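Novice: Would you mind keeping the following structure in view while I ask a few things?
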Amino acid sequence: MFDFIVSKYNYWIYVILMMIGFYAMIGKRNLVKKIIGMNLFQTAIILFFVSTAAKRGGTLPIIEHGHDHGAHAIEAAAYINPLPHVLMLTAIVVMVSTLGVALAIVIAIYRRYNTLEEDEILRQRK
Amino acid sequence: MISQSPVLVVVIPLIFAFLTLLFGLWRKGLCYPITLVALSLSFLASLHTLNTVITSGTIHYYLGGWNPPWGIEYVVDHLSAFVLVIVSFIALLVAIYSKKSVEQELPEKIVYFYCLFLLQVTGFLGIVITGDMFNLYVFLEIASLAGYALIATGEDGAPFASFNYVIFGTIGACFYLLGVGYLYIVTGSLNIADLSQILPNLYHSKVVLVAFAFFLVGVSIKMALFPLHVWLPDAYTYAPSTVTALLAPLMTKVGAYVMIRIMFTVFEPYFSIELIPVTSILGWMAAGAIIFGAVMALAQTDLKRMLAYILVSEVGYITLGIGLANRNGLTGAILHILNDAFMMLALFLVVGAIMYRSGKREIPQLRYLHRKMPLTMAVFVIAALSVIGIPPTCGFFSKWYLILGAIDAGKWVFVAVLLISSLLNVILFFRVIESAYLEPVAEHSSGGSELAIAREESPLTMLIPILIAGAGIMSFGILSGKIISTIIQFAIPIGF
């Protein structure tokens, strides 16, 4: 059991981070804390994807100019899969835009209600 | 050029979104015509694509010439061509409608509005046409981000409603992305066709089950399936009327499309129906949505908010068709994607026109509307009859197939739910029609002098889309047999 936790520690960290972020998005009453939770949640997903591609002692999947003329890069077991990293580059772009939109909306809310506490906003809206 | 039509459907609105921004900063008045040109071209391209699909079958388009499963592939079969045409046509109608409403509601933001509008449509079209799971995530986020921004431009409560939508929408999108990740771990592929080849051997793997659960929850949030609908009523009530008219018919329908794709194309029907009992759970959630949406709508006095709750209940209808998981049920669900898109379009366009003329939308304030706006209100009544499900409007036919599907499945509870919801809809719409058409008794008896009420029909750019939507509701009802025999019977996933 202990081995299972230690050998897959990156996945455990991903799950813990994701749950912290999820809690903050749902449970916290402050809008900026919710955004921070959202960012934690998304970052945890990046960690997950990058973990799936990680490999000890793997080489780069480049055939030309590679070590030994790319002899290692041809075997699937020997190289590190670059695709999850590339997917995460796109996902990072999406996450940054989400963060930007969320912050812009929070600024609009602050200008209108002069507070960032959800309870206070709900009280004013009644 | 013509053979490139699948990619043009998506690329044209995307490029024109940036052209709108450039030309708009130079001359504000150019935004509207540019948007119309872009959406007309995109609509023509999608019509051509549908025509090609009907005559010669599924189209595979390889972006940049990279073969799948390595490159991104666009796949247009009957189902996606059908939804493509619906999306591009409704987007075009809403764009025609937008002119006056945007000038009144968002006078300083016209340029950015049209830029976001086109990006939103790009997102919807991309979701429908793509054959790649990760590409679908990117388009889903393009559509959602444009939607958050558009909703936030609305009236007083809009930014707060939009913020809640951001939180929920991001949870949904992240769950979808996790689903993609889990599938990639076990299959090493992102291409939908490739996945459906590899997955059957892995159906008993726990990773695949987790991925499926993530997909379903994520998509359910995006399509506002009860009980994950909480973001929808606020967001669609406070958004500008044009934005609601674009988002309400399309976002939920595109979500339903993604759900059908994942359940029956990426996974086989055998997996979703027999291996894990997900369809029966969906059926019960849908029944809950139908009743809950209608009951909550009864409690509203704000017309737009009432329609938003009716939308929650309509999402339930489509999901019920998916949950029934037989041929009739799915025919009803796919037909309802078309019918409900037009019903919701007509209703929200009419509410926008009423708001434009009078600035009011509380149900008791609608008095004398049938004299002020006779044509607009006539379309409202047609759409209302269609939501209730009275023949020959199109709403009747999709409900008919859903009821047949429920009988085939032996689920009598669902038959009862469908009938009860029709009755609830009668009450709901009668309240509005009573307020708008019937005049107070007191004024009639005292003197009987007709109050002079000037006729204030909606402006022409609003009236034309409203009338087209009304005509659509009637003609899709009359032509529903033909639509089913030429398109929908081929759109039903293999295995039914």
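The values are calculated or read from the model by the stated rules, or taken from the named source; none is laboratory data. The shown structure was predicted, so the numbers you read here are calculated from the model rather than taken from an experiment. Glycine also receives a Cβ, built like all others from the backbone with ideal geometry; neighbour counts cover every protein chain displayed.
Novice: Within region B:214-225, track down each residue that is surrounded by fewer than 24 Cβ atoms within 10 Å (Cβ to Cβ) and over 16 Å from the mean Cα position of the chain (by Cα).
Specialist: B:Phe214, B:Leu216, B:Val217
Novice: Would you confirm whether any residue within region B:207-230 is out of contact with any Leu (no Cβ under 6 Å at 6 or more places or on another chain), hydroxyl-bearing (Ser, Thr, Tyr) and more than 9 Å from chain A (Cβ to nearest Cβ)?
Specialist: No, because not a single residue in region B:207-230 is out of contact with any Leu (no Cβ under 6 Å at 6 or more places or on another chain), hydroxyl-bearing (Ser, Thr, Tyr) and more than 9 Å from chain A (Cβ to nearest Cβ).
Novice: Tally time: how many residues in region A:32-53 are more than 9 Å from chain B (Cβ to nearest Cβ) and among the β-branched types (Val, Ile, Thr)?
Specialist: 5
Novice: Let me ask something else about it. For region B:180-189, give me each residue that is touching a residue at least 40 places away in the same chain (Cβ under 8 Å), part of a helix (DSSP H, G or I) and more than 9 Å from chain A (Cβ to nearest Cβ).
Specialist: Answer for region B:180-189, where residues must be touching a residue at least 40 places away in the same chain (Cβ under 8 Å), part of a helix (DSSP H, G or I) and more than 9 Å from chain A (Cβ to nearest Cβ): just B:Leu183.
Novice: Related question: Select, from B:Thr319, B:Thr265, B:Thr301, B:Thr252, the only residue that is in contact (Cβ under 8 Å) with a residue 60 or more places away in the chain and touching a strand residue (DSSP E or B) at 6+ places or on another chain (Cβ under 7 Å).
Specialist: B:Thr301
Novice: Residue by residue through region B:161-175, note down the ones that are under 14 Å from B:Tyr238 (Cβ atoms) and touching a residue at least 60 places away in the same chain (Cβ under 8 Å).
Specialist: Within region B:161-175, B:Ala161, B:Ser162, B:Asn164, B:Tyr165 qualify.
Novice: Sticking with this one: Sort out which residues of region B:87-121 are within 14 Å of chain A (Cβ to nearest Cβ) and closer than 19 Å to B:Gly255 by Cβ, and write them in order of number.
Specialist: B:Leu119, B:Gln120
Novice: Name the residue, out of B:Met377, B:Met344, that is modelled with pLDDT under 90, assigned to a helix (DSSP H, G or I) and either buried (at least 24 other Cβ atoms within 10 Å of the Cβ) or out of contact with any Phe, Trp or Tyr (no Cβ under 6 Å at 6 or more places or on another chain) (or both).
Specialist: B:Met377
Novice: Picking from A:Gly57, A:Gly66, which residue would you name as being more than 10 Å from every other protein chain (Cβ to nearest Cβ) and modelled with pLDDT under 75?
Specialist: Answer to the selection: A:Gly66.
Yes/no per residue for (1) under 30 Å from B:Leu118 (Cα atoms); (2) surrounded by fewer than 21 Cβ atoms within 10 Å (Cβ to Cβ):
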residue: B:Ala239; (1), (2): yes, no
residue: B:Thr244; (1), (2): yes, no
residue: B:Val254; (1), (2): yes, no
residue: B:Ser272; (1), (2): no, no
residue: B:Phe292; (1), (2): no, yes
residue: B:Tyr309; (1), (2): yes, no
residue: B:Gly316; (1), (2): yes, no
residue: B:Leu324; (1), (2): no, no
residue: B:Arg327; (1), (2): no, yes
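Novice: Which numbered condition in (1) more than 18 Å from B:Ile185 (Cα to Cα); (2) surrounded by 15 or more Cβ atoms within 10 Å (Cβ to Cβ) is the only one that A:Val96 fails?
Specialist: A:Val96 satisfies every listed condition except (2).
Novice: Any chance region B:162-178 includes a residue that's under 30 Å from A:Thr43 (Cβ atoms) and away from chain A (no Cβ under 14 Å)?
Specialist: The answer is no, given that none of the residues of region B:162-178 is under 30 Å from A:Thr43 (Cβ atoms) and away from chain A (no Cβ under 14 Å).
Novice: Kindly indicate whether any position in region A:85-104 is more than 28 Å from B:Ala149 (Cβ to Cβ), part of a helix (DSSP H, G or I) and either more than 11 Å from the chain's Cα centre (by Cα) or facing another protein chain (nearest Cβ under 10 Å) (or both).
Specialist: yes
Okay, residues lined up against (1) in a helix (DSSP H, G or I); (2) of a type in the set (A, V, I, L, M, F, W, C); (3) modelled with pLDDT under 90:
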residue: B:Ile54; (1), (2), (3): yes, yes, yes
residue: B:Pro69; (1), (2), (3): no, no, yes
residue: B:Val85; (1), (2), (3): yes, yes, no
residue: B:Ser88; (1), (2), (3): yes, no, no
residue: B:Cys115; (1), (2), (3): yes, yes, no
residue: B:Gly126; (1), (2), (3): yes, no, no
residue: B:Phe134; (1), (2), (3): yes, yes, no
residue: B:Val138; (1), (2), (3): yes, yes, no
residue: B:Ala143; (1), (2), (3): yes, yes, no
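Novice: Something else about it: Among what's in region B:347-365 and is buried (at least 24 other Cβ atoms within 10 Å of the Cβ) and of a type in the set (A, V, I, L, M, F, W, C), pick the residue that is nearest to B:Ser421 (Cα to Cα).
Specialist: So the residue we want is B:Leu347.
Novice: Tell me which residues, restricted to region B:132-159, are at the interface with another protein chain (Cβ under 8 Å from one of its Cβ atoms), more than 21 Å from A:Ala91 (Cα to Cα) and touching a residue at least 12 places away in the same chain (Cβ under 8 Å).
Specialist: If the condition is that a residue be at the interface with another protein chain (Cβ under 8 Å from one of its Cβ atoms), more than 21 Å from A:Ala91 (Cα to Cα) and touching a residue at least 12 places away in the same chain (Cβ under 8 Å), then B:Asp156, B:Gly157 are the ones that fit.
Novice: Residues of region B:268-281 being of a type in the set (A, V, I, L, M, F, W, C) and either in contact (Cβ under 8 Å) with a residue 60 or more places away in the chain or not in a helix (DSSP H, G or I) (or both), which ones?
Specialist: B:Phe271, B:Leu275, B:Ile276, B:Val278
Novice: Let me ask something else. Mind listing just one residue for me: the one in region A:105-126 that is of a type in the set (D, E, K, R), free of Cβ contacts under 8 Å to residues at least 24 places away in the same chain and within 10 Å of chain B (Cβ to nearest Cβ) and, of those, surrounded by the fewest Cβ atoms within 10 Å (Cβ to Cβ)?
Specialist: Applying the first criterion (of a type in the set (D, E, K, R)) to region A:105-126 yields A:111-112, A:117-120, A:123, A:125-126.
With the extra rule that they be free of Cβ contacts under 8 Å to residues at least 24 places away in the same chain, the set shrinks to A:111-112, A:120, A:123, A:125-126.
Checking the rest, the ones that are also within 10 Å of chain B (Cβ to nearest Cβ) come to A:111-112, A:125.
Values: A:Arg111: 9, A:Arg112: 16, A:Arg125: 11.
It comes out as A:Arg111.
Novice: Conditions: (1) facing chain A (nearest Cβ under 9 Å); (2) surrounded by fewer than 24 Cβ atoms within 10 Å (Cβ to Cβ). B:Ile198 meets all but one. Number of the miss?
Specialist: (1)
Novice: Working carefully through the options B:Leu423, B:Leu428, B:Leu385, B:Leu419, find the one that is crowded, with 19+ Cβ neighbours inside 10 Å and under 18 Å from B:Phe292 (Cβ atoms). Give the derivation first.
Specialist: Numbers: B:Leu423 fails: crowded, with 19+ Cβ neighbours inside 10 Å; B:Leu385 fails: under 18 Å from B:Phe292 (Cβ atoms); B:Leu419 fails: crowded, with 19+ Cβ neighbours inside 10 Å.
None of the others qualify; the one that does is B:Leu428.
Residue-wise test of (1) closer than 22 Å to B:Val166 by Cβ; (2) at pLDDT 90 or above; (3) in contact with a Lys or Arg (Cβ under 9 Å, 6 or more places away or on another chain); (4) not polar (S, T, N, Q).
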| position | (1), (2), (3), (4) |
| --- | --- |
| A:Leu17 | yes, yes, no, yes |
| A:Ala24 | yes, yes, yes, yes |
| A:Leu31 | yes, yes, no, yes |
| A:Ile80 | no, no, yes, yes |
| A:Val101 | yes, yes, no, yes |
| A:Ile105 | yes, yes, no, yes |
| A:Ala108 | yes, yes, no, yes |
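Novice: Would you point out which residue out of A:Val50, A:Val93, A:Val101, A:Val32 is hydrophobic (A, V, I, L, M, F, W, C) and out of contact with any helix residue (DSSP H, G or I) (no Cβ under 8 Å at 6 or more places or on another chain)?
Specialist: Just a single option satisfies the conditions, and that option is A:Val93.
Novice: Does B:Leu178 satisfy the condition of being of a type in the set (A, V, I, L, M, F, W, C) and closer than 23 Å to A:Pro82 by Cβ?
Specialist: yes
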